[in-house]
Amino acid sequence: MAGPARKRQKREEYRKAQADQNGNGELPMPKKKFYRQRAHANPFSDHALEYPASPEVMDWTIHYPAFKSQDNGEDTASRLRKQVEVADIGCGFGGLIVALSPLYPDTLMIGMELRTQVTDYVVNRVAALRSQNPLPPNRSLDQPSPPYHNISALRTNTMKFLPNYFPASSLSSIFLCFPDPHFKARKHKARIVSAQLSAEYAYVVKPGGKVYTITDVEELHQWMVKHFAGEEAGDVREMWERVTDEENEADQMVRVMKDETEEGKKVTRNAGNKYVAVFRRREDPEWPN
């Protein structure tokens, strides 16, 4: 406990000093050196996590205050004028949602991360970006929001609690960017893609929505393709179809996923390969008579 406490104290001292130096109300951008943590976390550990009992009780207004509804009804899910549409699972340091925000300023996006320090970094990064792009005074609801007010991050374990956050058929996009490959066979159960998890993604993604995957590990790429559309997927094959390379080339989200994430930039610097596969949610099949 002593290590993280000292690290937290140092980063708070840095933020206060930088804020005083700015003198204009803007928050400083966080420094990664104060938020370093192990590259991976065990998804099967009994983490002390808070999560909603159901999507209906999830209060998104604390993440997107600029999109609060004027209706203050009891239904927590209705307190936003928009619904969260994009989830970056294992968002790391938030490079993807930060890059996507100016391109889709009216689309609500959430980064979901298990590591505490890394989540704190993304939260502070978003807060700093918002302070540098404040909401206009007396802004009306029909005015577009400045960038970065449509993104946020939270700490959770999506392998356990993804359906607790999102209703059925609510997301338009899920991103699985450079997930932990878990090379050892006995660790494959911890991979973020499996037959069971592919079915959960199909539950929360609306028909026509997409799951975006990218990795620099060819074997993991083949694993993800197999579990979304191959022999190991079982009935899940009826839920997903692979998007063609030609369509991916015209998809702005694919470009950002390849070039703007921290891991993507690292792979580029190291002249590594990037394996991309995108899957579209099919329409639900008709029930047999």
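Checking the conditions here, which among Leu129, Leu171, Leu141 is among the aliphatic types (A, V, I, L, M), buried (at least 18 other Cβ atoms within 10 Å of the Cβ) and more than 15 Å from the chain's Cα centre (by Cα)?
Selected residue: Leu129, the only one of Leu129, Leu171, Leu141 that is among the aliphatic types (A, V, I, L, M), buried (at least 18 other Cβ atoms within 10 Å of the Cβ) and more than 15 Å from the chain's Cα centre (by Cα).
Scan (1) over 20 Å from Phe166 (Cβ atoms); (2) surrounded by 13 or more Cβ atoms within 10 Å (Cβ to Cβ) for the single condition Asp245 breaks and write down its number.
Answer for Asp245: the failing condition is (2).
Report whether or not Ile192 is among the hydrophobic types (A, V, I, L, M, F, W, C), in a loop (DSSP other than H, G, I, E, B) and in contact with a strand residue (DSSP E or B) (Cβ under 9 Å, 6 or more places away or on another chain).
The answer is yes for Ile192.
How many residues, within the stretch 185-219, are surrounded by 15 or more Cβ atoms within 10 Å (Cβ to Cβ) and either β-branched (Val, Ile, Thr) or farther than 18 Å from Leu162 by Cβ (or both)?
Of the residues in the stretch 185-219, 10 are surrounded by 15 or more Cβ atoms within 10 Å (Cβ to Cβ) and either β-branched (Val, Ile, Thr) or farther than 18 Å from Leu162 by Cβ (or both).
Go through (1) in a helix (DSSP H, G or I); (2) surrounded by fewer than 17 Cβ atoms within 10 Å (Cβ to Cβ); (3) over 18 Å from the mean Cα position of the chain (by Cα) for Lys265 and report which single condition fails.
All conditions pass for Lys265, except number (3).
Conditions (1) at pLDDT 95 or above; (2) part of a helix (DSSP H, G or I); (3) within 21 Å of Leu96 (Cα to Cα); (4) acidic (Asp, Glu), marked per residue:
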{"residue": "Pro167", "(1), (2), (3), (4)": "yes, no, no, no"}
{"residue": "Ser172", "(1), (2), (3), (4)": "yes, no, yes, no"}
{"residue": "Arg186", "(1), (2), (3), (4)": "no, yes, no, no"}
{"residue": "Ser198", "(1), (2), (3), (4)": "no, yes, no, no"}
{"residue": "Pro207", "(1), (2), (3), (4)": "yes, no, no, no"}
{"residue": "Tyr212", "(1), (2), (3), (4)": "yes, no, yes, no"}
{"residue": "His221", "(1), (2), (3), (4)": "yes, yes, yes, no"}
{"residue": "Lys226", "(1), (2), (3), (4)": "no, yes, no, no"}
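The values are calculated or read from the model by the stated rules, or taken from the named source; none is laboratory data. Since this is a predicted model, take the numbers as computed values, not measurements. With ideal geometry, Cβ positions are generated from the backbone for all residues, glycine too; neighbour counts draw on all protein chains shown.
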